[in-house]
Each structure stands twice: as C-alpha cells, then as structure tokens.
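Notes follow once the structure below has been shown.
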Amino acid sequence: MLTVGWILLVICAVAVLASVMLLGQRDSRRAGLQRRFGPEYDRVLAEHADRRSAERQLRQIADRRDAFTINPLTQTDRATYTARWETLQTRFVDDPAEATSLADALVGEVMRARGYPAGSFTERAELLSADHPRVVAGYREAHQRTSAKPDGTGAAGRRDTESLRSAFVRYREVFNQLVGVTAGSGSHAGAGAGDDQTNRQDRPDRPAAGLAATPSQREA
C-alpha cells in the first residue's frame, strides 16, 4: 500500500513538473512573439477571438519570413535607391499623387532587392511586420491612402495633398528601414551609411529630417 502511495505521489509530481515546463515554454514563446512583433502583436490579438489563434497566425508569419534570406543592400545599391527617393521627394511638389504612387512601387522594389518575395500587398506587409513591426502600420496606412480614389469614394477617403503627404512620409519611414537610412541624417542620408544600420532593430517611427516640410511647400 505504501508503495502504491509513493507511485501516485511521483506521478502527481511529474504531472505538476510537466505542466510547469509547458507553461514556461508557452510563456517563453509568447514573450518571443511580443519582442519580435511589438505593436503588431497587439493588433493581431485584437483581430482574433482568442490569444491562441492570434499567436498561431504570428508564428506562421514568422516561419514564412524565416524561410527567406534577407540580405543587406550594397553601398552602391543603397546610394542608387536613395538618389531615386530624393527625385521622388522633389517630384512630390508638382505631382503629389504620382510621386506617392511611385514611392509605393519603390518600396516594393527595394523589398524584392533585399530578398522579400514578390506577392500581394497583404503578404508584403505581413513579412515586413516580422522584421520592422514599428513601421508596418504606417505602411498599411500609406498604401490605403494611395489606393483611395481621387473623388473620395475609396476606402481611405479623400486623396488631397495633405493625405498624400502623410502617405509619402510613411513610405519614407519604411524606405529608411529597408535601405538602412538613419531617420535624422538629413535629406541625403544613407548613401554612405554603414551596413550595421541595415540589420539594426527598427527604431521608433519618425520622419526624416526636412521631409515633413518639403512636400507641402507649394500646397497652396
């Protein structure tokens, strides 16, 4: 009888230990997702009925992203893309709608150059969220504004100059992360930036110095 009691006690102890280990692993995985996805974790959680399904989706996004090798740009490519962006920034003054649409296309081009697969905007945004979660919300907002119809009947409403300027600034934030430009380096930042900037954890959102004022100079 004593032996049976000890056996039951050991079984209970093992079960408790296993439960603790499982809870620890779950909490560790959750913490890892929260660190990696930042504000995207809360956004996806709000879209699901329960935490488990939200975390399952985030793990799937992380697995898809990790299946690809994302390479830093060479300094030559970085300088080329930065020069093209400066051209768009100047073009915005005379043609905000065209410049913003081209900014959307340029961000997609840089993503493909880095190694992200070509696909729908939704797929690009999801994969981007695994690497740069602090700017992906702005990327979605910018794409929505860019896709709005000029008469205001699109999902994002009006495409006035101020709306397009906001979208352009958001695209710049994403562009900076992808190209490796520091946000406060000035209008020609990034042409000679070090490679370590490309792999750095993305920084809090803020427009590049001088950008916010540039597109609105001739709005009137």
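The values are calculated or read from the model by the stated rules, or taken from the named source; none is laboratory data. Quantities reported herein were computed from a predicted structural model and do not represent experimental measurements. Glycine also receives a Cβ, built like all others from the backbone with ideal geometry; neighbour counts cover every protein chain displayed.
Numbers below:
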read-out	value
Yes/no for THR146 being modelled with pLDDT under 95, touching a Ser or Thr at 6+ places or on another chain (Cβ under 8 Å) and surrounded by fewer than 20 Cβ atoms within 10 Å (Cβ to Cβ)	no
Yes/no for ASP94 being charged (D, E, K, R) and over 15 Å from the mean Cα position of the chain (by Cα)	yes
Those residues of segment 30-64 which are among the basic types (Lys, Arg) and surrounded by fewer than 18 Cβ atoms within 10 Å (Cβ to Cβ), in sequence order	ARG30, ARG35, ARG43, ARG51, ARG52, ARG56, ARG59, ARG64
Qualifying residue in segment 61-79 (condition: among the acidic types (Asp, Glu), more than 28 Å from GLU126 (Cβ to Cβ) and modelled with pLDDT of 95 or more)	no
Test: residue in segment 98-113 that is crowded, with 17+ Cβ neighbours inside 10 Å, assigned to a helix (DSSP H, G or I), over 12 Å from the mean Cα position of the chain (by Cα) and of a type in the set (Lys, Arg)	no
